[in-house]
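Have a look at the structure below before the remarks.
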Amino acid sequence: MTNDDGPVRWAPGSPFAAAALVDDTLDRVGLRGERRRDVALAVALTAVSIGLVGFLLASLEYLEGVVVPTGTWISLAAVLVAQSLTVCARRRHPVACLLGATVFQVTMVALLPAEVGLQGPALFVAAYTCGTRLRPGRLAAVVVAATLLHWAAGSLVIGRLAPEITLPLISESPLTASLGLLLAGLPVFVIPALVGAYVGTRRRYVDLLRIRADEEARAQRERLEAAIRAERAGMARELHDIAAHHLSGMVVQAGAAERLVGRDDEAARKAMAWVRAQGKETLASLRLVVGALRDPDEESGGLHHRGEPGARGAPVPGLAALDRLVAAERDLGADIDLVREGEAHDLPPIADVTAYRVVQESLSNARDHAAGARVRLLVRHESGRVVLDIENGAGGARATAREHRGLGVLGMRERAQVVGAALEVGPTGPGGWRVRWEIPVERRGER
C-alpha cells in the first residue's frame with residue numbers, strides 16, 4: 001500500500017532514472033552535497049592522472065627505449081595532481097577551474113618534448129562543467145579564451161623544460177607543433193563543453209517539469225480541499241434546514257399534545273402520531289443528506305461485507321462487530337490474527353463507529369494492496385485509552401481488478417480528528433504497512 005504523501009520517484013523508463021540512482025548510491029556511501037562529491041572526484045582524477053603518467057613513461061621506455069629522468073616524472077606527477085585538485089572548485093567557480101586547469105596543461109606542454117602529448121583528465125571535466133553551468137554566450141567566450149591561452153602560451157613554452165632525450169621520431173617543426181596545439185583544443189575544450197551544455201539544458205528542462213508538476217499537484221490538492229469544504233458547508237446548511245423545519249413543528253405538536261393529555265386523549269394521540277411520523281421523516285431526510293457524502297457502493301454493499309451491520313439502514317457497527325468483520329475477510333482468503341488485550345471499555349457511539357471503520361478500511365487495503373499477506377489485528381484496552389494496531393507484511397499485487405474506494409488515509413485522519421483520536425499510518429519495511437489508532441476514554445466511575 002502506498003501513502004499519498006510519499007516521495008515521488010522517477011519511473012524506470014525516465015531519462016533521468018539512472019541519474020537519480022547514481023545520486024542515491026552516492027548518498028548511501030556518504031558523499032552528500034556537491035562539495036564532498038567534487039573532492040571525491042578530484043581524488044579519483046588524481047589517481048587516474050598519476051596512472052597516465054606512469055603508463056606514458058613506461059611506454060616510452062618499452063617501445064622506444066627512452067628513459068625519462070626521475071625529476072621530470074616527479075614534476076609531471078605534481079602538475080597533474082595540482083590540475084586535478086582544481087576540480088574541487090568546479091561548481092562554485094567553473095571559469096576559474098577551467099582557466100587554472102589550462103595553465104597547468106601549458107606547464108605540462110613545457111615539461112614534455114614537442115613530439116609527446118599528454119592531456120590531463122581534469123581539463124575535460126572542467127570544460128564539461130562550464131558547459132553545464134554557463135549560458136551559451138559566456139560559455140563560447142570562455143571556451144575560446146581557454147583554447148587561445150592553451151595554443152598561444154603552449155606555442156611559446158613547448159618543450160622548454162623537457163629533458164635532453166633523443167626520440168627516434170621525426171622532429172616536428174615549431175609551426176607544426178603550434179598547429180597541433182591549436183587542433184588539440186577541439187577535443188579538449190569544445191567537445192566537452194558542448195556535451196555539458198546539452199546536459200545542462202536537459203537538467204533545466206527537467207527542473208521546470210518538476211516545478212510544473214509540483215504546482216499542478218498543489219493546485220489539485222487545493223481544488224480537492226475547496227470541494228470538500230464546499231460539500232461540508234452545503235451539508236451543514238441542509239442539515240440545519242431539515243432539522244429546523246421538522247423539529248420546530250414537532251416541538252409545537254408535542255407541546256399541544258401535552259396540553260391535551262387528560263382533556264382530549266384522542267387528539268393527544270393524533271398529535272403524538274404526527275410527531276412520530278415527522279420524526280421518521282426527519283430521520284430519513286437526514287440519512288439522505290449524510291448519504292450524499294458517502295460512497296455510492298456503501299448502499300449496494302461495496303464497503304459492507306455480507307451480513308455486516310450497517311447495511312441498508314441497519315444500526316451502524318462498532319467494535320463489537322469485529323468478529324463478524326474478521327470472519328467475512330477470512331472468507332475472502334485473508335490471513336488475519338485477531339488479538340484482544342485488557343478489559344473492554346465502552347466507547348462513545350461515534351468513536352465506536354470510527355474505530356470499526358478504521359479497522360475495516362485497513363483490512364480492505366491489506367487485501368487490495370498486499371494480497372496473501374498475514375495481518376495482525378490488535379485491540380488493546382488500557383487504563384484511559386483504547387488502541388487499535390493493524391499491521392500487514394509484504395504481499396502480492398492487487399487481489400482483484402476492482403478499484404477500491406474506501407476511506408483512504410485522508411479519510412482515516414479526518415475521522416480520527418472528529419473523535420479526538422491519534423492516528424499513525426505508514427510503511428513498516430519492504431511492502432509492509434501499519435495503522436495505529438488510539439483514543440482516550442473516560443471509564444465510568446472515574447469522573
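Legend: calculated FRET efficiency, residue 47 to residue 335, from the Cβ-Cβ distance at R0 = 56 Å, rounded to 0.05, equals 0.55. Here each label is just a point 7 Å from Cα along the line to Cβ, and for residue 419 and residue 442 those points are 1.7 nm apart.
Show me 126-134, 92-100, 42-50, 55-63 ranked by packing, highest mean number of other Cβ atoms within 10 Å first.
Packing order, densest peptide first, comes out as 126-134, 92-100, 42-50, 55-63.
A Förster radius of 56 Å combined with the Cβ-Cβ distance from residue 227 to residue 39 puts the calculated FRET efficiency at roughly 0.65.
Straightening the chain between residue 215 and residue 186 buys 6.2 nm, computed as 0.36 nm per residue apart minus the Cα-Cα spacing. Approximating the spin labels as points 7 Å out from Cα along Cα→Cβ, the residue 32-to-residue 248 distance works out to 6.3 nm. Here the convex hull built on the C-alpha positions of the range 29-135 has a volume of 106 cubic angstrom per residue. The stretch between residue 160 and residue 324 holds 49.7 nm of extra length on full extension. This uses 0.36 nm per residue minus the Cα-Cα distance.
Full extension of the chain segment joining residue 281 with residue 61 gains 68.7 nm, where the gain is 0.36 nm per residue of separation less the Cα-Cα distance. Taking the charge dipole of the range 317-440 about its Cα centre, with +1 at Lys and Arg Cβ atoms and -1 at Asp and Glu Cβ atoms, the residue from 435, 421, 355 reaching farthest to the positive side is 435.
Highest mean first, the peptides 389-395, 193-199, 360-366 sorted by other C-beta atoms within 10 Å per residue fall in the order 360-366, 389-395, 193-199. With each label modelled as a point 7 angstrom along the Cα→C-beta vector, the residue 380-residue 23 pair spans 3.9 nm.
All of the numbers you see were taken from the coordinates with simple rules; none came from a lab. Since this is a predicted model, take the numbers as computed values, not measurements. No Cβ is skipped: glycine too gets one built from the backbone with ideal geometry, and neighbour counts run over all protein chains shown.
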